[in-house]
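Read through the structure below, which is laid out as structure tokens, and then see the notes.
Laboratory data are not the source of any read-out in this text; all were calculated from the coordinates shown. In this text the structure is predicted, and so the values were computed from the model without any measurement. Cβ: placed from backbone, ideal geometry, glycine included. Neighbour counts: every protein chain shown.
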């Protein structure tokens, strides 16, 4: 371990076959509906070869690259949470009649996933969700088993997106921990290969079945250079100094009203966010009333029902919902789970229809604080 | 990273079957269900102030605080106001029928920590339900506490709960029980007005008092300010918070109140720890 090897495109293809052979369901980036999403992969032919993405506030467009790179883009609308924390699942069923019933717990779906192309920000996002679902007081068995079974083929970003700010959040672009294998894609003149860092015994066992070479020093240096250049290309930045105190002390700041005039309360930001974990439950029965089921579904703090209490909603205004989302993400998350809830992936900026960008909003709140200090 | 593991426990989202051993009518819209586990009748412990998620077959699940029994009594009592679809379905259930139950969840009233103090209990409406087991625990060791005061406000006289027990609490245990109603007809001879007006009439040593409050947020706001006016220290005041709750185990995110998850950090909070967020509109 701790040694780097190189594989070529065919090697990556072999890796997918090997993982398939080991019983993993291999998932990774692929093009669908003009976006790069995470779905089942059969071979490297399913990867978005020669594609990149243009991202900005409310903007996402696929573009052709001049090369044949396989990971030459940033993150899209999907995140790995859809596999570890499924958007919709049955929790249990019950059958009964005449005031008596029996509950049948759901059989554990312990699908073994191999994730191809996990970025550093996403590795951090998964570690953050771990704290919610397995490292706190209660454990979600489905998340736990899927998480423990998962195989991670991470990718060091070779290009930052227009809304990326992982450098500000200390979450990238270099993958540091938690991976089985970490790839850096290199396109050097006519040569197209991957420098592979092995991060676990299972990763090593896997690589034994894949044609590879020991990495040369210059290849490793080149890989390091790629990540360093990406770090210099961040589309956004965020000053996180005392950000918790800043938000806690500005819960009544007029900027929230300003944002609320633009926010559609559409919940896109929470759906694309790789750390947002909120869910709701739905009870359903069949037509005879003798069979009942309970389903869990992703939910969002932007919906009206989210805070319903007898008599009405606690957060009826868009302002209060946006404030809750952002204050949770950047401030109260720290109190709850010991880290920020934001990994700087930029999805919430890209997929916001009116292009609300909190890397622009936070400085507005911060600047007005500085001004108050000056005038007082 | 990949590894092998087999989870052994039942998901915390799956309810256990409980049998209703008694249904008690408490008032025109409020009833109590005393339940015991169908499978393991001995495995019930809870701390005063904790709550359970109760499931009515095919309808849904609601958080309900545990209102009894007295120490040594059987089962867990839940006092429920029939205000919605699920509580309405629970209201229709009869003795020996089944409900689903998850719990107990949440924080508890500080009983042990309050030994040597005077105790002021303030309840608004159904808020008396989670305070009753606290009273039972206090009275069980009556000599360990100083004055015990119960200040209880409801909208109308017919909303009063547990009144049969008040005489025992007064007579046998020397509890100062004071009640008030928001509006009353001619037959009512007691106090009229909001519950915080009773604070000034109660006899307790403010600096040496622990206050436990449960009721609507607006009632608790006034109660806290009245107690502070009498100089009860903020770190000796305990309040309860309520929010929408879907899971009770910190997964669903619905019950967040500032940095707290009401399900696992609450529902009972020491006032000074949440005062930064208490009373902020739409928080």
Output the Cα-based Rg and Dmax of the range B:66-107 in Å, rounding Rg to one decimal and Dmax to a whole number.
-> 11.8, 33
Simple SL model, points at 7 angstrom along Cα→Cβ for residue B:229 and residue B:82; separation in nm is 3.9 nm
Per residue, how big is the convex hull around the C-alpha atoms of the range B:16-105? Give it to me in cubic angstrom, could you?
-> 86 Å³
In degrees from 0 to 90, rounded to the nearest 10, what is the angle of the helix B:128-140 Cα long axis to the longest principal axis of chain B?
-> 80 degrees
Counting helices only, and only those DSSP H runs with n ≥ 4, report the 222 nm mean residue ellipticity of chain A as the sum of -39,500 (n - 2.57) divided by its residues, in deg cm²/dmol to the nearest 500.
-> -9000 deg cm²/dmol
Mind computing the radius of gyration and Dmax over the alpha-carbon atoms of chain B? Å is fine for both.
-> 19.2, 73
How much length is gained if the chain between residue A:40 and residue A:89 is pulled fully straight, taking 0.36 nm per residue apart and subtracting their Cα-Cα distance, in nm to one decimal?
-> 15.7 nm
Taking R0 as 51 Å, what's the FRET efficiency between residue B:155 and residue A:54 from their Cβ-Cβ distance, rounded to 0.05?
-> 0.25
Hydrodynamic radius by Kirkwood, which averages 1/r over all alpha carbon pairs of the range A:228-376, in angstrom | 17.4 Å
Principal axis lengths of the protein assembly as shown from Cα atoms, whole Å, largest first?
-> 96, 68, 44
Please express the Cα-Cα pair-distance distribution P(r) of the range A:154-221 as a list of whole percents, one per 5 Å bin, running from 0 to the bin with the greatest distance.
-> 4, 14, 22, 22, 19, 12, 6, 1
Alpha-carbon centroids, the range A:67-136 and the range B:155-229: separation in whole Å | 49 Å
Does anyone have the angle between helix B:217-229 and the longest principal axis of chain B? Alpha-carbon axes, 0 to 90°, nearest 10?
-> 40 degrees
Taking chain A as a Gaussian network, where each spring joins two C-alpha atoms under 10 Å apart, which residue of A:88, A:39, A:313 fluctuates the most?
-> A:313
Does chain A classify as rounded, prolate or oblate by the C-alpha gyration tensor (a ≥ b ≥ c root eigenvalues; a/c under 1.5 gives rounded; else a/b over b/c gives prolate, otherwise oblate)?
-> oblate
Taking chain A and dividing mean pair separation by its residue count, relative contact order in percent (alpha carbons under 8 Å, at least six apart) = 22 percent
What is the average number of partner chain Cβ atoms found within 10 Å of a Cβ in A:297-309?
-> 3
Within 10 Å of the Cβ of an average residue in A:127-139, the count of other chain Cβ atoms is 3
List the extent of the Cα atoms of the range A:138-291 along each of their three principal axes, largest first, rounded to whole Å.
-> 60, 52, 30
Cα→Cβ-extended label distance, 7 Å offset, between residue A:266 and residue B:23, nm | 4.9 nm
Both in Å, the radius of gyration and Dmax of the C-alpha trace of the range B:112-240 are 13.7, 43
Given the C-alpha centroids of the range A:179-242 and the range B:37-86, what is the distance between them in whole angstrom?
-> 55 Å
